[in-house]
1. Using the structure shown, decide if residue 214 is touching a Ser or Thr at 6+ places or on another chain (Cβ under 6 Å) and either within 30 Å of residue 622 (Cα to Cα) or of a type in the set (A, V, I, L, M) (or both).
2. Residue 185 is checked against (1) out of contact with any helix residue (DSSP H, G or I) (no Cβ under 9 Å at 6 or more places or on another chain); (2) β-branched (Val, Ile, Thr); (3) closer than 30 Å to residue 241 by Cα and fails just one. What number does that condition carry?
3. Within the stretch 404-458, count every residue that is open to solvent by less than 40 Å² (accessible area, probe 1.4 Å), under 21 Å from residue 496 (Cβ atoms) and in a strand (DSSP E or B).
4. For residues in the stretch 502-514 being open to solvent by 20 Å² or more (accessible area, probe 1.4 Å) and modelled with pLDDT of 95 or more, which is nearest to residue 439 (Cα to Cα)?
5. Select from the stretch 150-172 the residues that are within 10 Å of the chain's Cα centre (by Cα) and either open to solvent by 10 Å² or more (accessible area, probe 1.4 Å) or more than 15 Å from residue 93 (Cα to Cα) (or both) and list them in ascending order.
6. Taking residue 154, is it touching a strand residue (DSSP E or B) at 6+ places or on another chain (Cβ under 6 Å) and in contact (Cβ under 8 Å) with a residue 60 or more places away in the chain?
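The values are calculated or read from the model by the stated rules, or taken from the named source; none is laboratory data. All of these numbers come straight from a predicted model, not from anything done at the bench. We place every Cβ from the backbone using ideal geometry, glycine too, and count neighbours over all the protein chains shown. The protein model used for the area step is the full one, side chains on, heavy atoms only, and it has no ligands, DNA or RNA in it. Shrake-Rupley method; radii C 1.70, N 1.55, O 1.52, S 1.80 Å.
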Amino acid sequence: MKKSTQRDTITFSLTLLLGISPCAWAEEETTPDFDNGDEFLALYYGDNQEVEAATRAPKPLSQVPENVTIITAEQIERMNAHGVDDLLNRVAGVSVDYASKDFNNAAYLGIHDSSSHQVAIYLDGIRISKATNDLAFTNMVPIRIIKRIEVIKGAAGSTWGSSLGGVVNIITKDTGESSRPSGSVRGSYGEYNSQDYSGEIAGALGQVGYYLSAARQESDGIKDDKEFANTSVYGKFDINLPANMGLTVSGGYTAPDYQISHFALPGFDFDESIDDHSSFASASFDALVASDLNLHLNGYFLDNSFVLTDTDFNSDIPWWKNQEEQESTGINGRLDYHLDRHQLVAGFDYLRNEIRRSDELSTAPASELKEEILAFYANDTIDFGRLTLVPGLRYDRMSDTSNMTSPSLGATWLAAEHTLFRASVAKGFHKPPIAQTDTDNGVWWANDQLEPEQVWSYQAGVETGAARFCRLKTTLFYNDVSEAFSWNSALATYENSGSESRKGIELEISTLPWHHLSLELNFTYIHTEDDNGENGHKRFANLIALYDNPELLTVELSGHYARYGDLEAPPAYNPVDGTVLWDISISRKIWANEQLSSELFFVGHNLSNESQYDDELTPNSGRWLEAGLKVFF
């Protein structure tokens, strides 16, 4: 154990030196001057970067006390990835537990060692999790439609309600503004018949802006024949109305079908496959009601059919086929008011879920479940110049469990022209899924006395550019979880008898380009202790080296290091960790004029052919390669 710890420390120290060294390269340069935190952060996130997820209304990143990471469209384009999980796997504090790391296979997302059930995932304001278990598989989101992803790490109950671990807010691309359409067509082909084709177009017809996208992905599976196929379409329309009003309508369809796992157990060898089909649509109305007073109303629906099938590997006969049909409808609204130093936001959320559950191989009748959630929230961003205070409060009234009140208080302080401090404290919760509380129609072990899990989340950090052309960010976090779900074997049900503490640190370093070269490093350490006194120590690190010279070549080399710890990956699971998975993405522009450009790209996955997994039943795939072509117009 001692040798293992020493090796981890040496590995991280060497990687840290690689990340810091470019700061020294830039010492001879002149350090830019900044009048406020927005100018400093714009060097790394782009001009006028704003965050919506923190308070539900856009505001500058320098006024966000929460620990937030933004994944931009530029980063997504550069990676040439196939799914959202691979994007999130690079984010400090986020753990992606792949069902089996393969071509866009499903994964379970955790933040600061939360369970995947405790992370809320939204697509343009629509919560995409399954209401029966609070799981969301992001491979149902077409990656090409994404404008950016905002990740809030820690309890976000005062803004989003049930989100004990954090929030992943996926925002889609804007409609076009020109009568001349723009867009792209792309395709890639790789080993194991892995294919990814997509096209998108954006423009405007009079007062109506539009964005349209279609995509097709398929693969024979990189490991154990885990086949994947998905066809998706998406559209968005903006209509400019008189008197400073606007209407946005969007909708899509996505249908991933895939084998999620192959379980080779002694005497019990079976495959598990998923059909996950979703239709969704939303309509948003925005109006400038008065000077500095904005109104936003949004209505939406999500229709999801989820089928999980277990098939005997030898006989190819299914022995279990669970089907869930979910219809979610919702409406939300908010007022956003700027008054002197204040940016006040007040709003409401209403959500209704209707679910039909059945075992298609059983004669038992299907069960019907229903739930409703009505919530009201308010927050204020108070700007005192270098100091910003952000109080927030939300009340959730839920039909199947106790109501919850979630307060929060945060602050940012621009201590110097290059240095920003952040701190926050928030109360959050995770609502028990309806299938676990409805004793008549839910799972067999449902408990109608099950209450929400609760957490007090504390975070403090600093972000600085004082090291000359390097941005350094560190965040300390402590999450005190109570009323946690714990299995009672005597009663054969879950009850609120558990507790857990999760504490740790995130370290992030990123550099400005030096001769087209920039580096990014993040490291996360998490110590988890449960109510039985069991301890888990997790370590994750990502190193990204980018050479970005559009006139010559763009090369991105990324490495992901993982040490899972005995609490998540006990020796009995035969995990393989302490390794680094290296990927590379190379792009070269081959032709361009004023109207068209084309680009060849090559992607290598797991270059060193390493193993990295927390359970031998879910091994990652080995090395595989692909190449493709993009055309922009």
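1. Working: touching a Ser or Thr at 6+ places or on another chain (Cβ under 6 Å): no; either within 30 Å of residue 622 (Cα to Cα) or of a type in the set (A, V, I, L, M) (or both): yes.
Spelling it out, it is not the case that residue 214 is touching a Ser or Thr at 6+ places or on another chain (Cβ under 6 Å) and either within 30 Å of residue 622 (Cα to Cα) or of a type in the set (A, V, I, L, M) (or both).
2. Just one mismatch for residue 185, condition (3).
3. Looking only at that region, the number is 9.
4. Step one: of the stretch 502-514, the residues open to solvent by 20 Å² or more (accessible area, probe 1.4 Å) are 503, 505, 507-508, 512-514.
So of that shortlist, the ones also modelled with pLDDT of 95 or more come out as 503, 505, 507-508.
On the way: 503: 35, 505: 41, 507: 45, 508: 46 Å.
Here the residue is 503.
5. 169, 170, listed by residue number.
6. Numbers: touching a strand residue (DSSP E or B) at 6+ places or on another chain (Cβ under 6 Å): yes; in contact (Cβ under 8 Å) with a residue 60 or more places away in the chain: yes.
When the stated conditions are applied, residue 154 passes them.
This table checks each residue for (1) under 26 Å from residue 324 (Cβ atoms); (2) of a type in the set (Ser, Thr, Tyr).
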site	(1), (2)
405	no, yes
432	yes, no
435	yes, no
462	no, no
467	no, no
482	no, yes
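Residues are listed down the side, and each one gets a yes or a no for (1) under 26 Å from the mean Cα position of the chain (by Cα); (2) aliphatic (A, V, I, L, M); (3) at negative phi:
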residue	(1), (2), (3)
444	no, no, yes
447	no, no, yes
450	no, yes, yes
464	yes, no, yes
508	yes, no, yes
516	no, no, no
